[in-house]
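See structure below.
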Amino acid sequence: TSTRQEIDEQWRLYDGFDPILERKLRARIKRNVSCYGRFMPRMVKIPPGMEFNHIVPHGGDMEDTDGNEEHPTSPDPPIWAEIMRFFSNSRKPMILALARPDPKKNITTLVKAFGECRPLRELANLALIMGNRDGIDEMSSTSSSVLLSVLKLIDKYDLYGQVAYPKHHKQSDVPD
């Protein structure tokens, strides 16, 4: 949904919110005309949040956490090794994109922009967490189309060693 659609169709269901009045007040404010003391709260899109109860602060006491069973003394989540195996230079900072493989999420545009910007490729790696998958053939047609486009762009711009796209992750892997 767009912010405009959300304002027009969803917020109008609440008592006290009038989308027509909201538009008129916005227009009056833009023209610097008096609104006679009335105002409508500004509507903005707030991205989804995350659960903070899974986050373990780095440098804290790792003995009493159960987030990383494989290496309890390592502050890194288990997905870290999975991501790092993609990179030829794992010391570079990482640009992280976390989104399902959906055309609306514009992952292909991100990969294209990364591929076309040599200075950025020299400075950073790109990690794409695009949901969990087993095989491309088992994905929905739109998801597999996005993933295939990403793979073609990685090949087109020769981004091997600079882009990670692991197949699986857990919710506890993502916060860090």
Report task. Report yes if Gly115 is without any contact (Cβ under 8 Å) to a residue 60 or more places away in the chain and of a type in the set (Gly, Ala, Ser), otherwise no. Result -> yes
Report summary line: Considering the range 84-129, residues that are among the polar types (S, T, N, Q) and part of a loop (DSSP other than H, G, I, E, B), and then whichever is modelled with the lowest pLDDT, we arrive at Ser90
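Residues checked against (1) within 30 Å of Lys105 (Cα to Cα); (2) modelled with pLDDT of 60 or more; (3) touching a Ser or Thr at 6+ places or on another chain (Cβ under 8 Å); (4) surrounded by 10 or more Cβ atoms within 10 Å (Cβ to Cβ):
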site	(1), (2), (3), (4)
Gly16	no, yes, no, no
Leu21	no, yes, no, yes
Leu25	no, yes, no, yes
Arg31	no, yes, no, no
Cys35	no, yes, no, yes
Val44	yes, no, yes, no
Gly49	yes, yes, no, no
His54	yes, no, yes, yes
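The values are calculated or read from the model by the stated rules, or taken from the named source; none is laboratory data. Because the structure is predicted, anything quoted here is derived from the model rather than measured. Here the Cβ is made from the backbone with ideal geometry for all residues, glycine too, and neighbour counts use every protein chain on show.
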